[in-house]
Amino acid sequence: MDYQNVPGRVFDLQGYSVHDGPGIRTTVYLKGCPLRCVWCHSPESLKYSIELVYLPIKCIGVKLCESACIKSCPQGAISEGVAEEAMDKSGMICKAVVDRSQCTGCLACTSACITKALSPAAWDTDVDEICARLLKDRPFFKRGGGVSICGGEALAQFDFTYNLAKRLHECAIHVCLDTTGYTNLENIKAIAPFINLYLYDLKHMNPEMHKRLTGVSNEKILENARYLAKNGGKFYIRIPIIPGLTDDEDNLSKTAEFCKELGNAVELVQLLPFHEVGKVKYERIGLEYQLSSISPPDDDFMNKTLALFKSYGLHVQLN
């Protein structure tokens, strides 16, 4: 047994996934990311710590559960809200209210909440446990599918991701690594033998703009992509199209040029138009959503962008 059964922290496990690589896949989402993209649609993935998720729609009112969540909180961060009509029109109820400024993340309330309106944003596991679950889906992988390891940034939990990929490789499972590429080159070299395909993000080509939008420079990201392209790596390059931030013609042209530079390593370029699907997730963990003023790009712009990338001889797809 060459791999090590190391611990890891997962915030979601999605079966029958068709957007995270070829075929039918099961996607493992890992906690923690060194980037802070202003458009991030998975804010629950950013911190390694396990945050409190609150879904008010699941709360049946503190009186029906005898204020279990309020009593369980050692910091007094949960209180009774104002009366509102119950969803089933059965009367007025007072739902729980969470004061995020007082919450320490002890998660005691999640054990007390009978409806799971209060829940942890992730759970701890290990390579053997998660592999046992993933291998149950092996019958779905027969027609070109497999497992995708995503984040956050999966390489931020390098030991877990490395050993998980190694174990899946031993089981002859096709492995996709969804990554920003922001890690040390030594990590890339170590994990490369166990990755069949990289779902590789290119967020902005200008180093200063990249740092302003994500909190880090893109130098490591581009260096690692070049290394992988020269050493047998295969890519689906993913490009977020964020109006006013990443969609200027100069950036898109330079991104297409870079994809062209990587040569046959790039099997597909996926254009990802901005959407607001992740907005509600910010509310669930008590964070402010920063892009309320931005609307998704229109079809005309996306089609022009598609044509631009195709003009460089690239295989391109609108997602």
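The single condition from (1) part of a loop (DSSP other than H, G, I, E, B); (2) within 20 Å of the chain's Cα centre (by Cα) that S293 fails is (2). Condition check: modelled with pLDDT under 95 and acidic (D, E). Does E219 satisfy that? Spelling it out, it is not the case that E219 is modelled with pLDDT under 95 and acidic (D, E).
Evaluating A86 against the criteria (1) free of Cβ contacts under 8 Å to residues at least 40 places away in the same chain; (2) open to solvent by less than 40 Å² (accessible area, probe 1.4 Å); (3) in contact with a helix residue (DSSP H, G or I) (Cβ under 7 Å, 6 or more places away or on another chain) leaves one unmet condition, (3).
Is it the case that some residue within the stretch 297-315 is touching a Cys at 6+ places or on another chain (Cβ under 9 Å) and open to solvent by less than 50 Å² (accessible area, probe 1.4 Å)? Within the stretch 297-315 (the criterion being touching a Cys at 6+ places or on another chain (Cβ under 9 Å) and open to solvent by less than 50 Å² (accessible area, probe 1.4 Å)), the answer is yes, since at least one residue qualifies. Taken together, the residues in the stretch 214-228 that are buried (at least 21 other Cβ atoms within 10 Å of the Cβ) and more than 17 Å from L155 (Cα to Cα) amount to 0.
Does E80 satisfy being touching a strand residue (DSSP E or B) at 6+ places or on another chain (Cβ under 6 Å) and more than 22 Å from D12 (Cβ to Cβ)? So E80 passes the test.
Does the stretch 89-104 hold any residues that are open to solvent by less than 60 Å² (accessible area, probe 1.4 Å) and either hydroxyl-bearing (S, T, Y) or at pLDDT below 95 (or both), and which are they? Answer for the stretch 89-104, where residues must be open to solvent by less than 60 Å² (accessible area, probe 1.4 Å) and either hydroxyl-bearing (S, T, Y) or at pLDDT below 95 (or both): just G91. Could you list all residues from the stretch 201-224 that are in contact with a Gly (Cβ under 6 Å, 6 or more places away or on another chain) and either more than 16 Å from T255 (Cα to Cα) or not in a helix (DSSP H, G or I) (or both)? Answer for the stretch 201-224, where residues must be in contact with a Gly (Cβ under 6 Å, 6 or more places away or on another chain) and either more than 16 Å from T255 (Cα to Cα) or not in a helix (DSSP H, G or I) (or both): there is none.
Filtered by the rule that a residue be open to solvent by less than 40 Å² (accessible area, probe 1.4 Å) and touching a residue at least 60 places away in the same chain (Cβ under 8 Å), the stretch 168-200 gives C176, D178, T180, L197, L199. Is it true that some residue in the stretch 149-167 is among the aromatic types (F, W, Y), closer than 26 Å to E51 by Cβ, crowded, with 19+ Cβ neighbours inside 10 Å and touching a residue at least 12 places away in the same chain (Cβ under 8 Å)? There is at least one residue in the stretch 149-167 that is among the aromatic types (F, W, Y), closer than 26 Å to E51 by Cβ, crowded, with 19+ Cβ neighbours inside 10 Å and touching a residue at least 12 places away in the same chain (Cβ under 8 Å).
Please pick out the residue among Y48, Y29, Y16, Y3 that is under 29 Å from D126 (Cβ atoms), touching a Lys or Arg at 6+ places or on another chain (Cβ under 6 Å) and open to solvent by 30 Å² or more (accessible area, probe 1.4 Å). After applying the criteria, what remains is Y48. Considering the stretch 119-142, and only residues there that are assigned to a loop (DSSP other than H, G, I, E, B) and open to solvent by 50 Å² or more (accessible area, probe 1.4 Å), the residue that is nearest to A108 (Cα to Cα) turns out to be K136.
Residues in the stretch 39-63 that are part of a helix (DSSP H, G or I) and of a type in the set (A, V, I, L, M, F, W, C): I57 alone.
Checked against (1) surrounded by 18 or more Cβ atoms within 10 Å (Cβ to Cβ); (2) over 31 Å from the mean Cα position of the chain (by Cα); (3) not β-branched (V, I, T), C73 meets all criteria but (2). In the stretch 102-126, the residues that are on the phi > 0 side of the Ramachandran plot form Cβ pairs under 8 Å with partners that are open to solvent by less than 40 Å² (accessible area, probe 1.4 Å) and of a type in the set (D, E), at six or more places apart or across chains, as follows: G105/E51. Annotation: I237 fulfils all but one of (1) in a strand (DSSP E or B); (2) open to solvent by less than 30 Å² (accessible area, probe 1.4 Å); (3) touching a residue at least 40 places away in the same chain (Cβ under 8 Å); the unmet one is (3).
Which one is nearest to M205 (Cα to Cα), of the residues in the stretch 240-267 that are open to solvent by less than 10 Å² (accessible area, probe 1.4 Å) and within 21 Å of the chain's Cα centre (by Cα)? Top of the filtered list is T246.
The values are calculated or read from the model by the stated rules, or taken from the named source; none is laboratory data. Computed from a predicted structure; not experimentally measured. Backbone-built Cβ (ideal geometry, glycine too); neighbour counts: all protein chains shown. Note: accessible area is taken over every heavy atom of the protein model, side chains too, but ligands, DNA and RNA are not part of it. Shrake-Rupley method; radii C 1.70, N 1.55, O 1.52, S 1.80 Å.
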